[in-house]
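Enquirer: Have a look at this one.
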Amino acid sequence: MDFSELFKLSGLLGRFSPDGKCLASCVQYRLIIRDVNTLQILQLYTCLDQIQYIEWSSDSLFILCAMYKRGIVQVWSLEQPDWHCKIDEGSAGLVASCWSPDGRHILNTTEFHGRTAASTFNTAINRSKQHITIAVAIEEWIAFTKDGRYMAVAERRDCKDFVSLFVCSNWQLLRHFDTETQDLFGIEWAPNGCVLAVWDTCLEYKILLYSLDGRLLSTYQAYEWSLGIKSIAWSPSSQFLAIGSYDEKVRILNHVTWKKITEFEHPATVTNTKTIVYKEVEKSPSETERFSFPPTRALASSVFSTQSKCRIECFVHSGLLSKVLLFPIPDDISQVPVSFQYIKPVADRANPKMGIGMLAFSPDNCFLATRNGIQMISSFLSDNIPNAVWIWDIQKLKLFVVLEQLCAIQSFQWDPRQPRLAVCTGNSKVYLWSPAGCVSVQVPTEGDFQIVSLCWHPSGDSMALLSKDNFCVCYLEREEVK
């Protein structure tokens, strides 16, 4: 495993291009494009103000930079560095910006009198404009199908919720229908583009499933008179819909009847002897002195054995990269029953820090990773079980593994090519889990490098590790994972 040197970063804005050739990062008002393999700077662009959001076009030829405070979006071309486009929303303000699937239109959301009220499509090539005026007051209000053919837009008019479906090729309205929601919160397409999930505000547990022609296929409501849905996730095959809620449970719906097939609880104590619990523990340096240096290939490959814990030793190569060698140490698997650190949430305040705040399916549909809590708010974390990632076997519909860390979970993300999960906890380590086992890796850097976010390269061979002020790239040898 190799690590690059640290590079400066602002706003956690580091993104791989969809084709995997480039890595974009921001430092205040500067946009830096690097070659993924060498990390040499390919282009350096200067924006009009501090960049708050970046996004690649689907073909990796353009990149947009949004400056919400100024109400400006700037678009840069990698093929023609001298070409650029500026979209100024003026006094209307700007609250969101994104690419359309074709990579040639930009959707801006502007703000009037404290609420989102208009959307503008801008053709990045010829700078022409089309306007679609809608009334929006919803956080997750727009969703594209995976194939890029259709766009769903949620809107609210006269205290009622509606969804409009557009054809992306010509932006013509396909369907417009009202939804049976009290205060619509979000929408998300199934990966196959056949079903649209619409869910209500957290004050009411209700999720509705609509077909492409606007027909209501099913309504699911687990309970009433309590805080409801917190997060949802579709499986890559579109066969399952996972719904995380404030009652600390995940419910799985099937795609045939849209009924619940199971629910996953997140207890403070795991008692099932078939569940593997990996517990991170502090180890003193003296405990690794008995291992040879460098380790044999057989010893290094054993880091994914379920019978060993891994501690990391590292040495620095010349150039930009640092090499990390993995040394196994016994006794990393806790014996059940295992009790986790539990923080009782304050339930009588607005936005209580409780419930399933993050969940994601593995790319092969075999596993579901969940976290019982929400992401960091400012610098304060108060989750139910803030230090644990739960990994569920979807084929057997049961808990498979729990990863208990020393620090609170900040983020996790699946390798896009295989069932391998990367986790960060706000320290200088990155944690990797696969069905074969689990490792923790100390990033070999000088100074304080607190990883709070990460993103995988499209190939799964590397990932960017992001802190508040810096980032580095971690390169993985694919043969290490069998």
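The values are calculated or read from the model by the stated rules, or taken from the named source; none is laboratory data. Not measured: the values here are computed from a predicted model. Backbone-built Cβ (ideal geometry, glycine too); neighbour counts: all protein chains shown. With ligands, DNA and RNA removed, areas are computed over all heavy atoms of the protein, side chains included. Shrake-Rupley method; radii C 1.70, N 1.55, O 1.52, S 1.80 Å.
Enquirer: Quick check on segment 255-272. Is at least one of its residues modelled with pLDDT under 95, part of a strand (DSSP E or B), more than 25 Å from the chain's Cα centre (by Cα) and closer than 28 Å to N387 by Cβ?
Expert: So far as segment 255-272 goes, yes, one or more of its residues are modelled with pLDDT under 95, part of a strand (DSSP E or B), more than 25 Å from the chain's Cα centre (by Cα) and closer than 28 Å to N387 by Cβ.
Enquirer: What's the number of the condition Y246 fails, among (1) of a type in the set (F, W, Y); (2) closer than 15 Å to G357 by Cα; (3) at pLDDT 95 or above?
Expert: In the conditions (1) of a type in the set (F, W, Y); (2) closer than 15 Å to G357 by Cα; (3) at pLDDT 95 or above, Y246 misses (3) alone.
Enquirer: I'd like to check something: does segment 225-246 contain any residue that is among the small types (G, A, S), in a strand (DSSP E or B) and either open to solvent by 40 Å² or more (accessible area, probe 1.4 Å) or free of Cβ contacts under 8 Å to residues at least 60 places away in the same chain (or both)?
Expert: no
Enquirer: Does S440 qualify as being surrounded by 21 or more Cβ atoms within 10 Å (Cβ to Cβ), touching a Cys at 6+ places or on another chain (Cβ under 7 Å) and hydroxyl-bearing (S, T, Y)?
Expert: yes
Enquirer: Would it be correct to say that F166 is surrounded by 15 or more Cβ atoms within 10 Å (Cβ to Cβ), modelled with pLDDT under 85, in a strand (DSSP E or B) and touching a strand residue (DSSP E or B) at 6+ places or on another chain (Cβ under 8 Å)?
Expert: no
Enquirer: If you go through segment 395-413 one residue at a time, do you hit one that is open to solvent by less than 10 Å² (accessible area, probe 1.4 Å), among the polar types (S, T, N, Q) and either farther than 23 Å from M354 by Cβ or modelled with pLDDT under 95 (or both)?
Expert: no
Enquirer: Considering segment 174-232 alone, what residues qualify as being basic (K, R) and either under 12 Å from D161 (Cβ atoms) or touching a Ser or Thr at 6+ places or on another chain (Cβ under 9 Å) (or both)?
Expert: R175, K206, K230
Enquirer: In segment 436-453, which residues are touching a Gly at 6+ places or on another chain (Cβ under 9 Å) and within 24 Å of R417 (Cα to Cα)?
Expert: Passing the criteria: I451, V452, S453.
Enquirer: Next question, about the same structure. Looking only at segment 1-42, which residues are closer than 16 Å to L454 by Cβ and without any contact (Cβ under 8 Å) to a residue 60 or more places away in the chain?
Expert: G11, L13, A24
Enquirer: Look at V423 and say whether it is among the β-branched types (V, I, T) and either in contact with an Asp or Glu (Cβ under 8 Å, 6 or more places away or on another chain) or over 18 Å from P363 (Cβ atoms) (or both).
Expert: no
Enquirer: Then there's this: When segment 140-161 is examined, which residues are found to be surrounded by fewer than 18 Cβ atoms within 10 Å (Cβ to Cβ) and more than 15 Å from V195 (Cα to Cα)?
Expert: Result: E140, R157, D158, C159, K160.
Enquirer: In this structure, does L217 turn out to be over 16 Å from G355 (Cβ atoms), free of Cβ contacts under 8 Å to residues at least 12 places away in the same chain and not in a loop (DSSP other than H, G, I, E, B)?
Expert: No, not satisfied.
Enquirer: While we're here: Given the criterion over 21 Å from W392 (Cβ atoms) and open to solvent by less than 10 Å² (accessible area, probe 1.4 Å), identify the matching residue among G214, G186.
Expert: G186
Enquirer: Of the residues in segment 458-472, how many are farther than 22 Å from P386 by Cα and either among the charged types (D, E, K, R) or open to solvent by 20 Å² or more (accessible area, probe 1.4 Å) (or both)?
Expert: 5
Enquirer: When the residues of segment 46-88 are narrowed to those that are among the charged types (D, E, K, R), over 24 Å from C168 (Cβ atoms) and part of a loop (DSSP other than H, G, I, E, B), which ends up least open to solvent (accessible area, probe 1.4 Å)?
Expert: Restricting to residues being among the charged types (D, E, K, R), over 24 Å from C168 (Cβ atoms) and part of a loop (DSSP other than H, G, I, E, B), the top hit is D49.
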